[in-house]
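Enquirer: Below is the structure I would like to discuss, written out as structure tokens.
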Amino acid sequence: MKNTFITTIWLALILLTTMTYSIDLLGMSGKATMLALLAITMLKSQMVANYFMGLRNCGTLWRGIMLGYFLIVGSLIAIAYLMAAR
């Protein structure tokens, strides 16, 4: 049963990666596209941390640290992009 769940998570990661690649192939750009790509990347990062790094079974402190890290880095990337787009 656990292998099926992990395989489902892996397939979801492949699907999300394919979505981001397709956005590039379509030549989409702009603030909304950047925010969508950033959201997908943060979702994928959280999935990897929870399911493949084993943080899903850890205490809330470690999960909170990783979530905080993803939010801070993602926010800084968004701010840098938006400041450069002016």
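FYI, it's all coordinate maths here, none of it is from the lab. Only a predicted model underlies this, so the values are computations on that prediction, with no experimental measurement involved.
Enquirer: For the chain, what number results from the quotient of the Cα radius of gyration and 2.2 N^0.38 Å?
Expert: 1.26
Enquirer: Would you work out the relative contact order for the chain, in percent, from Cα pairs under 8 angstrom that are 6 or more residues apart?
Expert: Relative contact order of the chain: 29 percent.
Enquirer: Also, quick follow-up: Between R56 and I40, 0.36 nm times their residue separation minus their Cα-Cα distance comes to what?
Expert: My answer for the length gained is 3.8 nm.
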